[in-house]
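Undergrad: Mind looking over this structure? Questions follow.
The values are calculated or read from the model by the stated rules, or taken from the named source; none is laboratory data. Everything quoted here is computed from the prediction, not taken from an experiment. With ideal geometry, Cβ positions are generated from the backbone for all residues, glycine too; neighbour counts draw on all protein chains shown. Keep in mind that these areas ignore ligands, DNA and RNA; they rest on the heavy atoms of the full protein, side chains included. Shrake-Rupley method; radii C 1.70, N 1.55, O 1.52, S 1.80 Å.
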Amino acid sequence: MSAAYPRTDGASPGDVVLRALRIALHTAFAGLLLLAVIQMGMTAQAWPVRACAYAGSALLAAVYVAGTVIESRHASTGRGPDPRRYGAAWLAVVTVLWLCLLVISPEFSWLAFPLFFLDLQLLRTVPALAAVLVTTAAVILAQWARSGQPSAAAFLGPVIGALFAVVMGSAYSSLHRESVNQRLALAELHRTRGELAASQHYAGVLTERERLAREIHDTLAQGLSSIVLLSRAAGSALDAGDPALAKERIGLVQSTAAENLAEARRFVRGLAAAPLERGSLDTRLAALCSDTARRAAAGVGSLRCMFRVDGTPVPLHPAYEATLLRAAQSLLANIEAHAGASNAVVTLEYSPDSVALDVFDDGGGFDPEALPTGPRADGSGFGLLSLRERIADLHGSLSVESAPGEGTVVALRLPLDAATDSAAIPGANA
């Protein structure tokens, strides 16, 4: 029983060569055994001796075929005895049967050559070489016994055959090891590819989750926050006995809810960045300031919000326009909810190499060094973080200038040369 056959499913050229060599080895063993039986039958041996040789040959053939069949079945299905565990025992039985036949007739010396290869395949290096030496010595003795005296031909023939078998066996072993290493490397490559595909999928899921989180925070979450504030203001108006003011504030709640419902439906339809459906970026930013001031006037206190444009407007990529609009929405919502400001100014500035958005308020301010590095446990603190990620995706910059009691200025700048280059904008060609 020799080493396992290389599998042929997706087999490499080396596997095909190894299988061809194994088939050639088994064919040679069968042919040489048949030749020895025929030559032995042509000798003048007595019938009982020939009968023993025929019976021994049949037994040897049966043992050899059984071993190769078990090996092939185990290699293809994984069932049956493991050739690596019982191969040496099988080889010992084959060798003993051959030695018995060699004692009966020197004609069976032919089988020594395939036995050399079996020894080299199934045994470790030292035992294999020892087995080759013993087999060579047995053939030499059998040939000397036939001729009745030592001869150079009877000695050199087996020795040269043994040396050739050792060289070929070494080459076969190297080829087999290379084939095994290639299969292991291929299996590792498939495993690594699977892990890489899974990690890329997971990274894509995280990226999309972060993008949706930014969109939801800058639209739906801010809108719902405004609805909560306006509904409280409407309730306060009713408590104060002013139904007209309450009705006005409820109208603002309805309009804000309608806008958020439209945003939610857009997410369900396409999950894409919001187009500027109500006009140009300048128009949307002006409308945003007006809506912010109107909501603030309907709530507690008042906020005057102004918008202005500096420089000559130029066409921007939709990704730039969406980012600038979302930034203004998020920053004005923060001013409305947290700053306690009386005035806010949104400035859109065009220059030859960049476009900038500055949002100023005269509110209570804060310490920029105390900003959280991640969302808080209640989910707040995400606005500036998501805005930084948006700006970083477009290779822009963001700065925050503030101090307690001195108001706040948030300035973001995007490179204008990339604004018309879709290849430079992530997702532009999606």
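Undergrad: (1) over 17 Å from L384 (Cα atoms); (2) crowded, with 21+ Cβ neighbours inside 10 Å; (3) hydroxyl-bearing (S, T, Y): which one isn't true of S351, the others all being true?
TA: (2)
Undergrad: For segment 116-140, how many residues meet the condition of being of a type in the set (A, V, I, L, M, F, W, C), without any contact (Cβ under 8 Å) to a residue 60 or more places away in the chain and touching a helix residue (DSSP H, G or I) at 6+ places or on another chain (Cβ under 7 Å)?
TA: 9
Undergrad: Here is a further query. Output the residues belonging to segment 329-368 that are in a helix (DSSP H, G or I) and more than 46 Å from the chain's Cα centre (by Cα).
TA: Scanning segment 329-368 gives a single hit, A339.
Undergrad: Could you please find all residues in segment 77-87 being modelled with pLDDT of 80 or more and open to solvent by less than 50 Å² (accessible area, probe 1.4 Å)?
TA: G87 - this is the single residue of segment 77-87 that is modelled with pLDDT of 80 or more and open to solvent by less than 50 Å² (accessible area, probe 1.4 Å).
Undergrad: Can you tell me which of D378, D361 is charged (D, E, K, R), modelled with pLDDT of 90 or more and either farther than 17 Å from L414 by Cα or open to solvent by less than 40 Å² (accessible area, probe 1.4 Å) (or both)?
TA: Matching residue, one of D378, D361: D361.
Undergrad: Of the numbered conditions (1) assigned to a loop (DSSP other than H, G, I, E, B); (2) at pLDDT below 85, A297 satisfies every one except a single condition; which is it?
TA: Only one criterion in (1) assigned to a loop (DSSP other than H, G, I, E, B); (2) at pLDDT below 85 is unmet by A297, namely (1).
Yes/no matrix, rows are residues, columns are (1) at pLDDT below 80; (2) closer than 24 Å to F116 by Cα; (3) out of contact with any Leu (no Cβ under 8 Å at 6 or more places or on another chain); (4) open to solvent by 40 Å² or more (accessible area, probe 1.4 Å):
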{"position": "R22", "(1), (2), (3), (4)": "yes, yes, yes, no"}
{"position": "L34", "(1), (2), (3), (4)": "no, yes, yes, yes"}
{"position": "A53", "(1), (2), (3), (4)": "no, yes, no, no"}
{"position": "A58", "(1), (2), (3), (4)": "no, yes, yes, yes"}
{"position": "A61", "(1), (2), (3), (4)": "no, yes, no, no"}
{"position": "G67", "(1), (2), (3), (4)": "no, yes, yes, no"}
{"position": "S72", "(1), (2), (3), (4)": "yes, yes, yes, yes"}
{"position": "A75", "(1), (2), (3), (4)": "yes, yes, yes, no"}
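Undergrad: Scan segment 190-210 for residues that are more than 17 Å from S386 (Cβ to Cβ) and more than 10 Å from the chain's Cα centre (by Cα) and jot them down.
TA: A203, G204, V205
Undergrad: Within segment 234-258, count every residue that is in a helix (DSSP H, G or I), open to solvent by 50 Å² or more (accessible area, probe 1.4 Å) and farther than 14 Å from R295 by Cα.
TA: Number satisfying all stated conditions: 6.
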